[in-house]
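What follows draws every value from the coordinates through simple rules; no lab data is involved. Everything numeric in this text was worked out from a predicted model, so none of it was measured. Note that we place each Cβ from the backbone using ideal geometry, even for glycine, and neighbour counts take in every protein chain shown.
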Amino acid sequence: MQTRPSVHRLFPRTLRAVQLCLVLGAPFPGAGQAADLYPWTNHAKPYDFLFNGGADIDTHQQTLLNNSTKELSGFFYIQFSGAVSRDGYRVASHTDCNAAGAACTVGWLLRGKRATATFVYHVEPDHPTWLVNRADIPQPGAYSHFHWSDSALDPDVGTTHTGYLLQLEAVDTFCFVHDDPAMFQANRACEDDANGGIIVRPGIDIATHLNIVGSYPGYEAP
């Protein structure tokens, strides 16, 4: 069976440049240029993997599934709102990249590895929180976000699901907000409590999408 080409084979020069900047801590050449790694194509091949065919995450991710390793690699998208925080960070959030007028660019490189987790609680507007077995968290790496990929579109608390643990590497600098970016107060700093933003800089990011725990009262790790 022929496997799909890797991210590196599809556009090696771009990714090598990004990865070199990440390793060396070097600045990217010009605001926004690093984010224009791969256009949104609504999951056209080879980036045609869907988590469950109707999940919110599928409106702002494009990844491919490697047939031999069963691992994911691809891109996590953001849209800049046009606002700038008082401390000088462009404000960005996730959006439905298929919506009319959407202007999505890559915010993170994404890698994923298979895992099983139990849904333990959800505090809006944050992500659902999942219990994982610490021994199942891939190392080396910074896999801090779990998303289920089985048929459940709206999992119930206490249920266990298969999915992927995700590692994110930011490719740009911005203020990321989970809430409606229209509510952002530009006269305040990105990370002001009223704004709830998180400053993202190029490199490994575990802060913006952290949603796993290694223990939780009343549950055993799967």
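Placing a label point 7 Å from the Cα of VAL84 along the Cα-to-Cβ line, no residue of region 94-110 has its backbone N under 14 Å from it. Measuring how big region 7-213 is from its alpha-carbon positions, Rg and Dmax come out at 16.7, 50 Å. What FRET efficiency do you get for ASP154 and ALA194 if R0 is 45 Å and r is their Cβ-Cβ distance, rounded to the nearest 0.05? Calculated value: 0.90. The modelled label-to-label distance for the pair THR69/THR162, using points 7 Å beyond Cα in the direction of Cβ, is 2.0 nm.
Placing a pseudo-label 7 Å from each Cα along the Cα-to-Cβ vector at ILE204 and MET183 gives an inter-label distance of 3.2 nm.
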